[in-house]
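Structure, as structure tokens:
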Amino acid sequence: MKTSTRISVAGICAAIVNNKRVSSVYCHTTSGHTSITADVQNGRVTGYDYASSCNISGSLPNIYHYGDSHHIQIRAEGNRIRGYDYGSGNHFTAMVNGRNVQLYDYDGSGYTNYTVS
């Protein structure tokens, strides 16, 4: 999964689990903040990735990343997320604990930790 997609997914996962709007994602690997909005209301995801200048939207479990031009499937089970990135053709999982998101990307990227605000 592309780095920009992973950051967007982390923000969306936090918004789903916490039922709270996300406005920024901090990546602990790169020590960098990314401005992103992610909101989930009644199963409908709306978001914007300012770094990629694109919308991200859809009805769960299927959303569309307009910057990467592909779908992403996200299914929440409590604070655990299972998903599939159609751009890379790989699965991912995430664990959300409050503002912290640990995402595992099966395309070989391994674990990445994020904090949202």
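Take 60, 103 and order them by how many other Cβ atoms sit within 10 Å, fewest up front.
So the ranking, lowest neighbour count to highest, is 60, 103.
Please give the Cα centre distance for segment 1-67 versus segment 74-117, rounded to the nearest Å.
11 Å
What is the sum of charges around residue 13, taking Lys and Arg as +1, Asp and Glu as -1, for the other residues whose C-beta is under 14 Å from the C-beta of residue 13?
Cβ neighbours under 14 Å give a net charge of +3.
Would you compute, from DSSP H runs of 4+ residues alone, the mean residue ellipticity of the chain at 222 nm, taking -39500 (n - 2.57) per run and dividing by the full residue count, rounded to the nearest 500?
-4500 deg cm²/dmol
Rounded if a/c is under 1.5, else prolate if a/b beats b/c, else oblate: with a ≥ b ≥ c from the C-alpha gyration tensor eigenvalues square-rooted, which is segment 3-116?
The shape class here is rounded.
Read the figures in this text as sums done on the coordinates, not as results from a lab. Predicted model only: the values in this text are computed from it and were never measured. With ideal geometry, Cβ positions are generated from the backbone for all residues, glycine too; neighbour counts draw on all protein chains shown.
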